[in-house]
1. Looking at (1) farther than 22 Å from residue A:87 by Cβ; (2) modelled with pLDDT under 95, which one does residue A:134 not meet, given that it meets all the others?
2. crowded, with 24+ Cβ neighbours inside 10 Å, modelled with pLDDT of 95 or more, within 8 Å of chain A (Cβ to nearest Cβ) and not in a strand (DSSP E or B) - does that describe any residue in segment B:286-294?
3. On the basis of being part of a helix (DSSP H, G or I) and either at pLDDT 95 or above or farther than 24 Å from residue B:123 by Cα (or both), does residue B:24 make the cut?
4. Among the listed residues A:10, A:41, which satisfies the condition of being closer than 21 Å to residue A:307 by Cβ, touching a residue at least 60 places away in the same chain (Cβ under 8 Å) and within 14 Å of another protein chain (Cβ to nearest Cβ)?
5. Just to verify a result, which residue in segment A:253-285, among those that are more than 19 Å from residue A:165 (Cβ to Cβ) and surrounded by fewer than 18 Cβ atoms within 10 Å (Cβ to Cβ), is nearest to the other protein chains (Cβ to nearest Cβ)?
6. Which condition from (1) crowded, with 17+ Cβ neighbours inside 10 Å; (2) under 32 Å from the mean Cα position of the chain (by Cα); (3) in a helix (DSSP H, G or I) is the one that residue B:414 breaks?
7. How many residues, within segment B:323-347, are assigned to a loop (DSSP other than H, G, I, E, B), in contact (Cβ under 8 Å) with a residue 60 or more places away in the chain, within 11 Å of chain A (Cβ to nearest Cβ) and closer than 30 Å to residue B:35 by Cβ?
8. Taking segment A:33-82 on its own, how many of its residues are exposed (fewer than 11 other Cβ atoms within 10 Å of the Cβ) and within 24 Å of residue A:109 (Cα to Cα)?
């Protein structure tokens, strides 16, 4: 074993960073044995140095992150600050000064991964980011490496623990969205401002990263269709149950049937209870991967939290350190297919639509005609009189597979019908 | 991209080998782009050259595997022959002649992995074997690399598709073992001689490999406790259902509570229906990993078959080729902990025991006394008169956690009681 240690700079010492620092200390011997050289925490950059950091020696703490990454003797920079700036500048500066980077920064990778990869490549450094998607679940490495000899056609997963916790509560307790969100907040599963989670921004960033890796092309956050889950109601869950389904917020990355393009999207969807993703409970994450030769694979585990995320960071740290001792680098960006990302209108899937309609003869025929005119084939219809004397009924239509644009056109036309009082909900049906 | 191709020698061209050859041809451009250089099939060694091999040019086929691996211009040898010899000699010869090796050979790795690793290390070559455990499911790489910064405490999985298919049939249809085996054979899930699967030899080899990697120590096939599933009955499934469980053949690798030793075992066990492994159906495989920081992870997918296994082989091939272009090698053997493997008697788990007893007062007290004398604490007892007039009843005892040796002692003593007519079944209870 080499006796001279590899030096690690840690940017950020919050929930994840402090856990990384702790494990680097408590498991130093194991890490050294697995890497083939000791690793040493050489500096920790934080915003508020007065905040207590369990176990990190005071002399390692600095507020000058830029100076730390420029030191020149740093082997690996671990970036767990999050956000776009200053993270991006710090990472590119690290590459310029001869360090490799391990990052957990999904937002930055989804928005500007290509820039980071290019900088890593230019300076002959590694960029690893297992922790950016689905916490501790090994996913980036299996996709980049284990499945490197296969053709991935679909990646579909639950990649946000907060929203899965909320939807699971709604499903099991019959609670409404607000009530379930309150419980998630009280238990620490949701942040004070839950927008990034419940509106699907977090999941969309992960979808961009997964789609890019899976299809060997560039997919940016802006390419991902995004719909949050704040409008999912207890009534939707009741409808889902009637279909033998539950509702999950899914990130779905697909290769088009003709292979010439890809799509990436995040939205709530009904999935059959028999699908492995349906039984993913609480704040757990799981990602389903369909590959040509491998078939259907699933990866399951805790998608967030200090320790799980630190596990992913440290796995990358070991890999990057090994590469360094080998004077080699791991896989870089693989975007050679240059497949375009198609808009949501071209996605083909099934739909579950609940309509409030006038309770009189001929309405079903009118509605069915509108679907037919837009080329959307109906699988089943369920009609229910409301029996509250207001002359309204509800009509639940489940379609066969159709392009999203055709469905949108259908709904627009339905809204114009006098007999359609309102479109109560539209939900995609996946996983069949 | 480098224009000079990397040369691959394929040893074996059966179900897996022919699929590897096919994908190397049909996906040559993708593989080249991902590796950074073309890969070329330079030779295919088979036993019976007259057998038709779809798509493999006749001039590549040879019966002289030794000459092929000795050619000197081979970059990577892909070994999909299986068995101990000639596979072992061919692999070590390949290393001696400057080739790296990708193998799917679980038996050889479980029996003599250390020899192979040493030979690879001596000659500066790679040894990769993702396909040896659980087919296409990325498992070796996640354990060796993704979790390299974590401490794995437990690996528990369904790693044999044939037996899972049989047990699933027994569970869902109420069929007996023989009937379910016949169906598995008819559908091609079981071989004409199913011994290696149903007696747990195949799973035991995989347990040895997984335990060694997970705990960074050497575990050989002989170290693995093994019990097949041929004695599981429809009555066992009925008992399991009463407990809210099902029965799976599990491979379980554990670190002892004190951290000073490990165990590895394969046997049928009851697991709660709420455990993710309980819902693994048909011939699918799934492996649960518990790590200190990462928490509970699960990896799921097809555990066998030509295409899935080929996917794993090709993923390794891409990695080994990339390493070669980098003039580096991937992770080698990691056995630095040198943890001893404890015998089965030291394994601590729960038990479900069905006894046929005399249907008269005082029997339960006698039985309970025997458990207490051996330090095995009883969780629940269920007593049922058989009402067939023969004066027998059955007694179902579920214990708290106890060492396997204590349970064995208890059962031995129970057999000596006059009032105990027989021990109908003993099954471990896992996953709680």
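1. Evaluating residue A:134 over (1) farther than 22 Å from residue A:87 by Cβ; (2) modelled with pLDDT under 95 leaves (1) as the failure.
2. yes
3. Against the criterion (part of a helix (DSSP H, G or I) and either at pLDDT 95 or above or farther than 24 Å from residue B:123 by Cα (or both)), residue B:24 qualifies.
4. The unique qualifying residue is A:10.
5. Among them, the one singled out is A:274.
6. (2)
7. Total satisfying the criteria: 6.
8. Adding up the residues that qualify gives 1.
The values are calculated or read from the model by the stated rules, or taken from the named source; none is laboratory data. Fair warning: this is a prediction, and the values are worked out from it, not measured in the lab. Counting neighbours? That spans all protein chains shown, and the Cβs are built from the backbone with ideal geometry, glycine included.
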